[in-house]
1. Within a 10 angstrom radius of the beta carbon, how do 264, 228, 121 rank from fewest other beta carbons to most?
2. Using Stokes-Einstein with the Kirkwood hydrodynamic radius over Cα pairs, what translational diffusion coefficient do you get for the stretch 153-341 at 20 °C and a viscosity of 1.002 mPa s, in µm²/s rounded to a whole number?
3. Any idea what angle helix 283-292 forms with the longest principal axis of the chain, computed on alpha-carbon atoms, 0 to 90 degrees, nearest 10?
4. Give me P(r) over the chain, computed from all C-alpha to C-alpha distances, binned every 20 Å, as integer percentages.
5. Given the peptides 288-295, 77-84, arrange them by the average over their residues of other C-beta atoms within 10 Å, most packed first.
6. For the chain, what is the calculated [θ] at 222 nm in deg cm²/dmol (nearest 500), taking -39500 (n - 2.57) for each run of four or more DSSP H residues and dividing by its residue count?
7. In bins 5 Å wide, starting from 0, what share of all Cα pairs of the stretch 69-181 does each bin hold, as a percent?
8. Where the convex hull is taken over the Cα atoms of the stretch 172-231, what is its projected area averaged over directions, in nm²?
């Protein structure tokens, strides 16, 4: 066991681990890595990611030999990587997200660089030598396990794909509700650890904000359905148990993605929807998605938004095949958004 010296970054993937717990590390090459295992390492090669996000959302530039706290996890990101926790210990791993998630890249988008490489110095351990794991230190454990009959109204935001504009649509809803004087909470229930999306909700009036990392998950990729529903239900209990509030929830990635499809297929989720906002990158993607939403999930959005909403021509194309209202999530119209989500 060795002492961790000052001068390291605690990344946001280690959200549930306090800095005072990060004191020692031990190199155990026999331990098989697990989701949530906390690692002390250093940057060995800078590829796609040249920065790290810390637990407060600050972005640190990194250099060769920059030391940080990382977390083993999986990632699903069509614009970046698909990566998994390795099945055996290896001294060098891939940085698969700026939030400090490490693993092995299985495939990558051809438009981006190879992954930044991290040299593992050791697992972070407690005084008894036990490896710290983020899942052992959840920040949320609702005392009330019974949902009130009258609950906060759920505004659910989903989309066609990664980077289709879901976070800005969710933020626009938070802004409109807050501007009208309503109390609004904001959550992201699936995806890869990254504080920027929930901080965007916070900047737009949501308080408090939360996501799956509050339970210790560095990402939700490959979680079982029961774990996804536990995240949803416990956040629902914690933040949406008051009828006078609103709860804006973003689901990551697109409706064809594994975890997104699980949640949209669950009556536990869909029965809670007050309004459903769908974000699309373009009109054609929106057209196909509307059919999938109706035929596979039995859902019809109350509004369309996303990247497509910023283009007058894109909006014109959408209006050629549906009467569902479209709102611009960048140049926001308070009255229009209010009419949709109240």
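Laboratory data are not the source of any read-out in this text; all were calculated from the coordinates shown. This is a predicted model, so every value here is computed, not measured. Note that each Cβ is placed from the backbone with ideal geometry, even for glycine, and that neighbours are counted across all protein chains shown.
1. Result, fewest neighbours first: 121, 264, 228.
2. The calculation lands on 132 µm²/s.
3. Tilt of helix 283-292: around 90 degrees.
4. 31, 55, 14, 0
5. Per-residue Cβ counts within 10 Å, averaged per peptide and sorted highest first, yield 77-84, 288-295.
6. Calculated at 222 nm, the ellipticity per residue is -6000 deg cm²/dmol.
7. Over the stretch 69-181, the share of Cα pairs per 5 Å bin runs 2, 9, 13, 13, 13, 15, 13, 11, 8, 4, 1 percent.
8. Its average projected convex-hull area is 4.1 nm².
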